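The values are calculated or read from the model by the stated rules, or taken from the named source; none is laboratory data. All values derive from a computational prediction rather than experimental measurement. Positions of Cβ are backbone-derived with ideal geometry, glycine not excepted, and every protein chain shown enters the neighbour counts. When the accessible area is computed, the model is the full protein with side chains, heavy atoms only, and any ligands, DNA or RNA have been set aside. Shrake-Rupley method; radii C 1.70, N 1.55, O 1.52, S 1.80 Å.
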Amino acid sequence: MNIGIIGAGHIGSALATRLVILGHSVYIANSRGPDTLKEVAQKTGAKPVTAQEAARHGDIIVVTIPLKNIPDLPKDLFADVAADVPVIDTSNYYPILRDGHIPELETGDLTESEWVQQHLGRPLVKVFNNIYADHLQNKGLPAGTQGRIALPVAGDDPATKQKVMALVEALGFDAVDDGSLHESWRQQPGTPCYGADLPADKLRAHFTELGPQRTEAQHAEYLANHAKQERAMAAQGEQLK
């Protein structure tokens with residue numbers, strides 16, 4: 001397939017590396033222009049381009065930039081992209097370390113990807129947000145292999161979600177349906193599956209236990225969990241891209 005990746009940080013680079021190895025044609029873009037991506041191109045094998053070129057190239061498009069930068073993307077980024085082309089959102093909300101506080105996400109009325117979808121004006125599929133980039137690049141396994149990691153996939157359109165789930169499987173992970181984009185809170189930071197590398201049966205069990213509708217108590221608990229994680233990361237000097 002032709003795959004366009006907008007964002008050349010840890011997740012974008014890991015995806016580009018694996019997808020090129022699998023034989024896909026991958027274009028990759030960042031906010032500073034293709035001339036700044038020579039090292040990324042050498043490392044991943046992807047072709048450095050502008051964001052508009054990456055979007056037009058994709059049979060699947062991946063948007064993997066810091067959440068705070070989503071409103072800065074060109075408003076016409078997907079103007080020439082067919083409606084049946086899936087757009088993947090990998091973003092996570094890190095208010096302490098990177099993004100600052102976004103009121104709509106503090107209340108729990110919107111999931112992170114619903115907020116992104118509002119800004120992009122395009123239906124999204126959420127995946128690749130709850131796995132470390134190194135694991136995404138190096139821990140994929142053939143189907144049926146014991147210990148294969150499962151990744152949650154959330155979205156509102158069944159057809160585009162199925163295309164994305166097939167890509168997840170090809171990368172070496174079990175794709176688990178996480179319901180609608182409004183239900184994607186179950187894979188956000190602070191929840192039990194975030195960074196946990198769970199197998200498919202345990203991931204499905206978590207979703208069943210959590211239920212489809214986020215309660216106020218769950219929202220408060222997971223915000224607190226995530227804040228604790230962020231403070232620990234800050235104390236260790238970790239930086240996010």
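Odds and ends about this structure:
- Within segment 103-112, the residues that satisfy the criterion of being in a loop (DSSP other than H, G, I, E, B) and either closer than 21 Å to Pro123 by Cβ or hydroxyl-bearing (Ser, Thr, Tyr) (or both) are Asp109, Leu110, Thr111.
Residues are listed down the side, and each one gets a yes or a no for (1) touching a helix residue (DSSP H, G or I) at 6+ places or on another chain (Cβ under 7 Å); (2) over 13 Å from Leu120 (Cα atoms); (3) modelled with pLDDT of 95 or more:
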{"position": "Val20", "(1), (2), (3)": "yes, yes, yes"}
{"position": "Thr44", "(1), (2), (3)": "yes, yes, yes"}
{"position": "Glu53", "(1), (2), (3)": "no, yes, yes"}
{"position": "Leu67", "(1), (2), (3)": "yes, no, yes"}
{"position": "Thr90", "(1), (2), (3)": "yes, yes, yes"}
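- Count - residues of segment 80-109 that are touching a Lys or Arg at 6+ places or on another chain (Cβ under 6 Å) and among the hydrophobic types (A, V, I, L, M, F, W, C): 1
- Qualifying position, being open to solvent by less than 20 Å² (accessible area, probe 1.4 Å) and either at pLDDT below 95 or touching a Cys at 6+ places or on another chain (Cβ under 9 Å) (or both), among Leu124, Leu105: Leu105
- Residue in segment 106-114 that is in contact with a Phe, Trp or Tyr (Cβ under 8 Å, 6 or more places away or on another chain) and either hydroxyl-bearing (Ser, Thr, Tyr) or free of Cβ contacts under 8 Å to residues at least 60 places away in the same chain (or both) present: yes
- From Arg214, Arg204, Arg231, residue being charged (D, E, K, R), over 19 Å from Ser113 (Cβ atoms) and in contact (Cβ under 8 Å) with a residue 60 or more places away in the chain: Arg231
- Residue match in segment 78-85 (condition: over 22 Å from Ile21 (Cβ atoms), in contact (Cβ under 8 Å) with a residue 24 or more places away in the chain, among the charged types (D, E, K, R) and surrounded by fewer than 13 Cβ atoms within 10 Å (Cβ to Cβ)): yes
- Pairs with Cβ under 6 Å, 6+ apart, first in segment 55-72 and free of Cβ contacts under 8 Å to residues at least 40 places away in the same chain, second of a type in the set (D, E, K, R): Lys68/Asp99
- Every listed requirement among (1) within 18 Å of the chain's Cα centre (by Cα); (2) of a type in the set (Gly, Ala, Ser); (3) more than 15 Å from Thr111 (Cα to Cα) is met by Gly237 save one, (1).
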